[in-house]
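The values are calculated or read from the model by the stated rules, or taken from the named source; none is laboratory data. These numbers come from a predicted model, not from an experiment. Don't worry about glycine lacking a Cβ; one is built from the backbone with ideal geometry, like all the others, and counts go over all protein chains shown. For the accessible areas, the whole protein counts, side chains as well, though only heavy atoms, and no ligand, DNA or RNA atoms are used. Shrake-Rupley method; radii C 1.70, N 1.55, O 1.52, S 1.80 Å.
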Amino acid sequence: RLFPAQEAGFSPWWHPLDVLYEDDFCLVADKPAGMPVHPDGGASGEGTLAGAVAFHYESTGQKVAVRHIHRLDRMTSGPVLYAKNAFAQAKLDEQMRHKAIERLYVAAVHGIPANPRGTIRAPIGKDRHVSGKRRVSPGGQSAVTHYELIEAFPAAEAALLRLRLETGRTHQVRVHLAHIGHPVIGDDLYGRPDPRIGRQALHGERLRFRHPLTGGQVDVSSPLPEDFARLLDMLRAPSG
């Protein structure tokens, strides 16, 4: 054994877990929309991805602490990367600091951007008037989002975008897209609710990182959830 056995740090919670990648050093779990990555304080894993990962470790005989490397918003679906030991965590955290972990998202947005691709450079800070909300602010932290148009839906006045983050600020994609006048469909915080989907239409499509031990490239994709796919079908045929 290279690393000492450790407690998970969160109480195990049984929930079907879609493991997209796993070896002795890291794990990538597919987070469904509506599930927070970890609890707000305390070690209860019930209802969280951390609890589901803790149960997966326990049920497979792994004495491993639950160590997430990055997070997703509760209502955003997609892959979340975990380190299985302190060495892997240090190496993956270093990649995060140096922007070497590539995260690609897809988002269905209101309106069609005038330019098929572009870069949004706008600092993000806390909204002083609404708790938990962020906004573009000159005094905020630097934030950079690259976008490209995948598909336009002229009849529905909407579009499907692919986004690549250089930075990982809270609500970055949602804030930036709202800032340029194309809020994410279904985003009730930065846009408006939409009956066609019960959440923001934002999905983590792909995750690329260097393996903490070998340095080889690991490329993990997450399939588009059913609710997102249904929304796209409606946008392609809005009159139906």
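For the reader, a short list of remarks on this structure follows.
- Filtered residues of the stretch 183-221 (kept if small (Gly, Ala, Ser) and either open to solvent by less than 10 Å² (accessible area, probe 1.4 Å) or more than 15 Å from the chain's Cα centre (by Cα) (or both)): GLY186, GLY191, GLY198, ALA201, GLY204, GLY215, GLY216
- Scope the stretch 189-230; condition under 30 Å from ASP127 (Cα atoms), touching a Gly at 6+ places or on another chain (Cβ under 6 Å) and not in a strand (DSSP E or B); matching residues: ARG199, GLN200, ALA201
- In the stretch 124-139, residue least open to solvent (accessible area, probe 1.4 Å) [restricted to those that are in a loop (DSSP other than H, G, I, E, B) and small (Gly, Ala, Ser)]: SER137
- Among residues of the stretch 140-188 being basic (Lys, Arg) and not in a loop (DSSP other than H, G, I, E, B), the one that is farthest from ALA108 (Cα to Cα) is ARG164.
- Flag for PHE87 being farther than 25 Å from ASP194 by Cβ and among the hydrophobic types (A, V, I, L, M, F, W, C): yes
- In the stretch 145-169, the residues that are within 23 Å of HIS98 (Cβ to Cβ) and either at pLDDT 95 or above or open to solvent by 30 Å² or more (accessible area, probe 1.4 Å) (or both): THR145, HIS146, TYR147, ARG162, LEU163, ARG164, GLU166, GLY168, ARG169
- Within the stretch 20-44, residues that are under 21 Å from SER221 (Cβ atoms) have Cβ atoms under 7 Å from residues that are part of a strand (DSSP E or B) and among the polar types (S, T, N, Q) in these pairs: LYS31/SER77; PRO32/SER77; ALA33/SER77, counting only partners at least 6 apart in sequence or on another chain.
- Qualifying positions in the stretch 46-58 - more than 17 Å from ALA83 (Cβ to Cβ) and not β-branched (Val, Ile, Thr): GLU46, GLY47, GLY51, PHE55, GLU58
- Flag if ARG97 is modelled with pLDDT under 95 and closer than 29 Å to LYS133 by Cβ: yes
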